[in-house]
1. Residue 161: open to solvent by 70 Å² or more (accessible area, probe 1.4 Å), out of contact with any strand residue (DSSP E or B) (no Cβ under 8 Å at 6 or more places or on another chain), outside any loop (DSSP other than H, G, I, E, B) and small (Gly, Ala, Ser), yes or no?
2. Just name the residue that is farthest from residue 65 (Cα to Cα) out of those in the stretch 128-145 that are open to solvent by 90 Å² or more (accessible area, probe 1.4 Å) and part of a loop (DSSP other than H, G, I, E, B).
3. Restrict the check to the stretch 27-35 and report whether at least one residue is open to solvent by 60 Å² or more (accessible area, probe 1.4 Å) and of a type in the set (Gly, Ala, Ser).
4. Which residue out of 109, 65, 95, 49 is closer than 14 Å to residue 125 by Cβ, without any contact (Cβ under 8 Å) to a residue 12 or more places away in the chain and either among the charged types (D, E, K, R) or part of a helix (DSSP H, G or I) (or both)?
5. If residue 18 passes every condition in (1) under 28 Å from residue 159 (Cβ atoms); (2) loosely packed, with under 14 Cβ neighbours inside 10 Å; (3) not aliphatic (A, V, I, L, M) but one, which one does it miss?
6. Restricting attention to the stretch 68-87, which residues are touching a residue at least 40 places away in the same chain (Cβ under 8 Å) and of a type outside the set (D, E, K, R)?
Amino acid sequence: MTDTPDHVARIQEEWRRERPDLDVAPQGVIGRLHRVAALLTDELVAVYREHGLGEGDFDVLATLRRAGAPYERTPGELAEHTMITTGGMTKRIDRLEAAGLVTRRSSERDGRGRVVALTELGRERIDAAVTAHLANERRLLDQLDPADAAELERILTLWLARLP
C-alpha cells in the first residue's frame, strides 16, 4: 500500500472540499471496483485477442464448450447463458460461422428452430483460449493474498445476490 492517494481518493477529496454535505464514502468502493473491472477487462481481452477472439466470441464459444458433447445450443440458449442480446447473437454467430468455428443447422426437435454447434476447429480454439484465460485469471488473482481473494469472493457473491 502506498501513502499517495489514488485516483479515487483524489476525486473523493475534491468532492469533500466542494460538497461537504455529500457522503462520498461509497465512491471508495464503487469507484475502485469500476476501475478494477476496467483494468481486468483489458487484461482478459488481451488473451482472447491472442486466440483471434473478441470478448463476445470467447463467451459464445465457451458457452458451447460448457454444454458438453455435442457442444451445441440454440441461439436463445446462447443468449440466456451469455451477456449478449439475441440480436447481437445473430451477428456474432454469423462471424463465428464465417471463421469456421461454429456451424448452424435446423433443430431435430423443431424444424423451424436452429442449433449452433462448435466445429472441431472451434473446440480446439476455445480449449486453447480457455486454458490461457484461466492461467491469466490465476495470474491476476495471485496479486492478492489467498485469504483476501477468498474473502473478496465471499463479499462479491453476497453483494451480487442482493443487487437487482
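The values are calculated or read from the model by the stated rules, or taken from the named source; none is laboratory data. As the structure is a computational prediction, the values presented were derived from the model and not from experiment. Cβ atoms come from the backbone with ideal geometry, glycine included; neighbour counts cover every protein chain shown. Accessible surface is based on the protein model in full, side chains and every heavy atom, while ligands, DNA and RNA are left aside. Shrake-Rupley method; radii C 1.70, N 1.55, O 1.52, S 1.80 Å.
1. Yes, satisfied.
2. Once the filter is applied, the top-ranked residue is 143.
3. No - not one qualifying residue is present in the stretch 27-35.
4. 49
5. (1)
6. The answer is 70, 71, 74, 75.
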